[in-house]
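Shown next, in structure tokens, is the structure this report addresses.
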Amino acid sequence: MTIRLAPSILSADFAALGRDLEAVTRGGADQVHVDVMDGHFVPNLTIGVPVVKSLRKATKLPLDVHLMITDPDRFIEPFIDAGANMISVHVEVLPHLHRTIGQIKKLGAKAGVVLNPSTPVSAIEEVAADVDFVLVMSVNPGFGGQVFIPRSLAKIRAVRALLDRAGNSAAPIEVDGGVDMTTVASVVEAGAEWLVAGHAIFGSGDAETSARALKEAAEHAARGGRR
Ligand code: DX5
Ligand code: ZN
């Protein structure tokens with residue numbers, strides 16, 4: 001398994017995003033997680049296309065854009081044009097999920113589908129062979145700094161089994177919400193490879209050191225606890 005650390009800029013200092021990006025890059029970040037919220041699908045408003053455009057100029061890291069919005073189809077193209085490399089969409093709002101995944105791929109980005117904590121794994125059964133990755137929400141989306149929901153571990157295992165059964169063993173699982181030094185080993189052991197972390201990195205006062213420590217702990221767990 002290949003661990004990738006995806007710091008979520010939701011907990012960064014929005015007036016100093018460039019500085020914060022440089023800190024997590026030095027700390028070993030592999031991609032930048034960008035949480036887009038519309039105040040409808042989730043009870044919070046965050047950032048949009050112009051910010052992604054600016055981030056694109058500020059970093060070489062892939063931009064991993066998580067769309068927590070009611071109508072993602074309308075915004076896929078603008079976000080990819082702005083520089084998004086991965087786009088993840090919530091299955092809860094998409095009646096034509098298969099078409100949406102095809103559209104993301106056609107426009108040249110990696111396509112991910114996201115499951116809320118209350119959404120069953122069976123919701124992605126029919127697209128399991130088509131996705132580039134699956135994002136398992138381990139908190140209810142909307143805010144950073146929430147507590148990890150323990151049942152998410154069983155869900156990560158079930159998604160891994162589904163992807164493998166569908167012949168899509170190459171597709172990684174991303175986990176988002178409450179990932180920190182106390183939960184990171186268990187999510188990796190359950191099968192997650194892309195790790196989103198906001199508060200655990202930017203809330204510490206030293207984003208570089210926290211990113212490095214979290215990635216080392218994840219890689220240690222991925223080696224089965226061996227040095
Ligand atoms: C939650 C967002 C997350 C959030 C994670 O709605 O999707 O990406 O930033 O934050 P932490 O790591 O603080 O739980
Ligand atoms: Zn997210």
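The values are calculated or read from the model by the stated rules, or taken from the named source; none is laboratory data. Only a predicted model underlies this, so the values are computations on that prediction, with no experimental measurement involved. Neighbour counts run over all protein chains shown; Cβ positions are idealised from the backbone, glycine included. Note: accessible area is taken over every heavy atom of the protein model, side chains too, but ligands, DNA and RNA are not part of it. Shrake-Rupley method; radii C 1.70, N 1.55, O 1.52, S 1.80 Å.
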Total charge dipole magnitude, the chain, about the Cα centre, Cβ charges on Lys, Arg, Asp, Glu only, Debye to nearest 20: 480 debye
Heavy-atom accessible surface of the chain: percent carbon and sulfur, 1.4 Å: 51 percent
Linear extension gain, ALA58 paired with ASP206, 0.36 nm per residue minus alpha-carbon span: 51.3 nm
Mean Kyte hydropathy of 0.0 or more with a Cα span along the axis of at least 15 Å, helices from DSSP in the chain: 152-165
Rounded Å value of the spacing that divides the Cα centres of segment 117-186 and segment 1-52: 19 Å
Value in Å of the Kirkwood radius, where segment 1-151 supplies the Cα pairs that are averaged: 15.8 Å
Value of relative contact order over segment 4-222, rounded to a whole percent, pairs C-alpha under 8 Å and six or more apart: 21 percent
Cα gyration tensor, segment 73-141 - rounded (a/c under 1.5), prolate or oblate: prolate
Antiparallel bridge percentage (DSSP; both residues within the chain; nearest 5): 5 percent
Length-normalised contact order of segment 1-110 in % [C-alpha pairs under 8 Å, at least 6 apart]: 22 percent
Subset of LYS105/LYS215; LYS106/LYS215; LYS155/LYS215; LYS60/LYS215 violating a 25 Å alpha-carbon distance limit: LYS105/LYS215; LYS106/LYS215
Theoretical gain in end-to-end length, ASP13 to SER122 [0.36 nm per residue, Cα-Cα removed]: 35.5 nm
Solvent-accessible heavy-atom area per residue, rounded to whole Å², over segment 4-222 at 1.4 Å: 42 Å²
Cα shape, segment 94-227, gyration tensor, a/c 1.5 rule: prolate
